[in-house]
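One structure is given below, encoded as structure tokens.
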Amino acid sequence: MPSVAIVPAAGKGERFGGAKLTAPVGGETMLDRTLASLLDGGVDRVVVVIAPAADLSRVSRLSDSRVSTIVNDDPSRGMFSSIQAGAAAIAGHPILVLPGDMPFVSSRTIRDVLHACSEHQRVVIPTHHGKGGHPLAFPGVLREQVLHAAPTGTLKDALSSALALRYEMPAGDAGVLHDVDVQADLDRP
């Protein structure tokens with residue numbers, strides 16, 4: 001099965017001041033950097049879950065044949081609703097989840113997470129200095145569990161039984177903890 005990734009990208013970015021995913025980071029948009037990490041890291045297919053009427057025309061990697069977008073009709077329900085929408089649109093193994101506002105995760109970390117999930121057949125959480133981060137990966141057999149979970153919950157809730165067997169993968173990549181909420185977060189970790 002192909003490896004797949006879900007990129008929740010339907011948030012408003014209000015704390016950032018709007019247009020967060022198209023903000024410049026190292027000469028390209030934030031979302032382009034996130035997508036580059038996934039694609040360069042070996043993910044076969046990526047689905048980006050966006051809000052209705054989102055303007056991502058400046059994100060060049062959305063035209064890559066390995067990337068598709070779907071709309072979360074009601075992103076006010078939270079990030080898990082975007083993860084469920086992505087899981088409904090894509091199947092594979094492993095399934096990675098990397099929020100669109102995490103442009104500092106290295107492609108090597110993506111490769112390592114893919115490998116660890118395939119090898120251990122469990123939920124994989126990269127850690128840095130003992131703290132869990134992203135991308136979280138889970139075996140494709142858990143996709144149905146995610147799809148049938150309460151939409152008001154979280155990914156952690158949906159995978160609760162599998163999390164007991166999770167593999168915490170030490171990563172030398174501070175990017176696994178570095179999401180961008182405000183302008184000051186654009187400084188590299």
Quiz prompt | Residues (assigned to a helix (DSSP H, G or I) and either in contact with a helix residue (DSSP H, G or I) (Cβ under 9 Å, 6 or more places away or on another chain) or not charged (D, E, K, R) (or both)) located in the range 112-130 | solution = V113, L114, H115, A116, C117, S118, H120
Exercise. Go over the candidates Q121, Q84 one by one and state the one that is over 20 Å from L186 (Cβ atoms), touching a Pro at 6+ places or on another chain (Cβ under 7 Å) and in contact (Cβ under 8 Å) with a residue 24 or more places away in the chain.
Key: Q84
Practice problem: Specify the residue that is surrounded by the fewest Cβ atoms within 10 Å (Cβ to Cβ); the eligible residues are those in the range 33-60 that are charged (D, E, K, R), in contact with a strand residue (DSSP E or B) (Cβ under 6 Å, 6 or more places away or on another chain) and more than 14 Å from I6 (Cα to Cα). | Solution: R58
Exercise. From the list L159, L142, pick out the single residue that is touching a strand residue (DSSP E or B) at 6+ places or on another chain (Cβ under 8 Å), at pLDDT below 90 and within 24 Å of G78 (Cα to Cα).
Key: L159
Quiz item: Taking Q121, is it under 28 Å from P52 (Cα atoms) and out of contact with any Lys or Arg (no Cβ under 6 Å at 6 or more places or on another chain)?
Solution: no
Quiz item: So which pairs qualify, if the first residue must be in the range 33-49 and on the phi < 0 side of the Ramachandran plot, the second must be surrounded by fewer than 24 Cβ atoms within 10 Å (Cβ to Cβ) and charged (D, E, K, R), the Cβ gap must be under 6 Å, and the two must be at least 6 apart or on different chains?
Solution: L35/R61; G41/R111; R45/R66
Quiz prompt | Checking L147 against (1) modelled with pLDDT of 90 or more; (2) under 14 Å from S82 (Cα atoms); (3) more than 18 Å from the chain's Cα centre (by Cα), the condition it does not meet | solution = (3)
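Among the residues of the range 100-109, is there at least one that is charged (D, E, K, R) and without any contact (Cβ under 8 Å) to a residue 24 or more places away in the chain? Quick ask: steps written out before the conclusion?
Filtering the range 100-109 for residues charged (D, E, K, R) gives 101, 108.
Then keep just the ones that are without any contact (Cβ under 8 Å) to a residue 24 or more places away in the chain; that gives none.
Among the residues of the range 100-109, not one is charged (D, E, K, R) and without any contact (Cβ under 8 Å) to a residue 24 or more places away in the chain, which makes the answer no.
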Practice problem: Read through the list (1) acidic (D, E); (2) crowded, with 20+ Cβ neighbours inside 10 Å; (3) touching a Ser or Thr at 6+ places or on another chain (Cβ under 7 Å), then give the number of the only condition that D74 fails. | Solution: (2)
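The values are calculated or read from the model by the stated rules, or taken from the named source; none is laboratory data. Just so we're clear, the structure is a prediction, and the values are computed from it rather than from any experiment. Using ideal geometry, Cβ is built from the backbone for each residue, glycine included, and neighbour counts are taken over all protein chains shown.
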